[in-house]
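Enquirer: The following block contains the structure, expressed as structure tokens.
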Amino acid sequence: MNQKIKVSVLGATGMVGQNYIRLLDNHPWFQIVDAAASPRSAGKKYSDAVGQNWLMPGAIPAAVHHLIVRDVRDFDTIPKNVECVFSAMDLPKKEETRDLEFDYAKAGFPIISNSSA
């Protein structure tokens with residue numbers, strides 16, 4: 001594969017999102033170009049949004065350290081180069097997660113989800 005697939009991680013600041021980031025860092029097929037989370041994290045650098053709550057072994061990967069976290073519900077700010085979405089969203093109601101993932105799919109993004117919704 002000559003060019004990596006550009007991906008977004010939804011729910012990037014939570015434990016499952018952090019694990020996606022850890023697994024995708026330096027992956028031969030994927031490159032993280034976007035991180036999205038709750039409005040509480042939106043607008044912050046990924047490293048600031050996670051802060052002392054990084055739960056994975058090692059440091060926050062350099063590839064995402066300075067990414068500005070996007071509000072997961074803000075479709076207008078999805079980078080144009082995103083080709084695929086990894087979802088680790090954990091919204092209060094499973095239906096909300098399902099509906100939001102479906103919205104991403106309707107917008108043309110393949111979804112890899114950890115959700116049971």
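The values are calculated or read from the model by the stated rules, or taken from the named source; none is laboratory data. Computed from a prediction, not measured in an experiment: that's the story for all the values here. Virtual Cβ from ideal backbone geometry, glycine too; neighbours counted across all protein chains shown.
Enquirer: Using beta carbons and a limit of 6 Å, which pairs, at least six apart or on different chains, have the first residue in the stretch 45-63 and under 16 Å from Val9 (Cβ atoms) and the second one part of a helix (DSSP H, G or I) and among the basic types (Lys, Arg)?
Expert: Once the first residue is under 16 Å from Val9 (Cβ atoms) and sits in the stretch 45-63, its partners that are part of a helix (DSSP H, G or I) and among the basic types (Lys, Arg) give Met56/Arg22.
Enquirer: Specify which of the listed residues (Asp48, Asp34, Asp103, Asp90) is charged (D, E, K, R) and assigned to a strand (DSSP E or B).
Expert: Asp34 is the lone residue from the list that is charged (D, E, K, R) and assigned to a strand (DSSP E or B).
Enquirer: Residues that are crowded, with 23+ Cβ neighbours inside 10 Å, touching a residue at least 40 places away in the same chain (Cβ under 8 Å), assigned to a loop (DSSP other than H, G, I, E, B) and in contact with a Gly (Cβ under 7 Å, 6 or more places away or on another chain): does the stretch 8-16 have at least one?
Expert: Among the residues of the stretch 8-16, at least one is crowded, with 23+ Cβ neighbours inside 10 Å, touching a residue at least 40 places away in the same chain (Cβ under 8 Å), assigned to a loop (DSSP other than H, G, I, E, B) and in contact with a Gly (Cβ under 7 Å, 6 or more places away or on another chain), which makes the answer yes.
Enquirer: Would it be correct to say that Thr97 is within 10 Å of the chain's Cα centre (by Cα), free of Cβ contacts under 8 Å to residues at least 60 places away in the same chain, closer than 17 Å to Ser115 by Cβ and outside any strand (DSSP E or B)?
Expert: So Thr97 fails the test.
Enquirer: Please work out which residue is surrounded by the fewest Cβ atoms within 10 Å (Cβ to Cβ), limiting yourself to the stretch 78-93 and to residues that are within 16 Å of Ala37 (Cα to Cα) and over 13 Å from the mean Cα position of the chain (by Cα).
Expert: In this case the residue turns out to be Pro92.
Enquirer: Could you tell me whether any residue of the stretch 84-94 is small (Gly, Ala, Ser) and modelled with pLDDT under 90?
Expert: For the stretch 84-94, residues small (Gly, Ala, Ser) and modelled with pLDDT under 90: absent.
Enquirer: Filter the stretch 102-113 for residues that are farther than 15 Å from Asp74 by Cβ and of a type outside the set (A, V, I, L, M); which is surrounded by the most Cβ atoms within 10 Å (Cβ to Cβ)?
Expert: Among those residues, the one meeting the criterion is Ser113.
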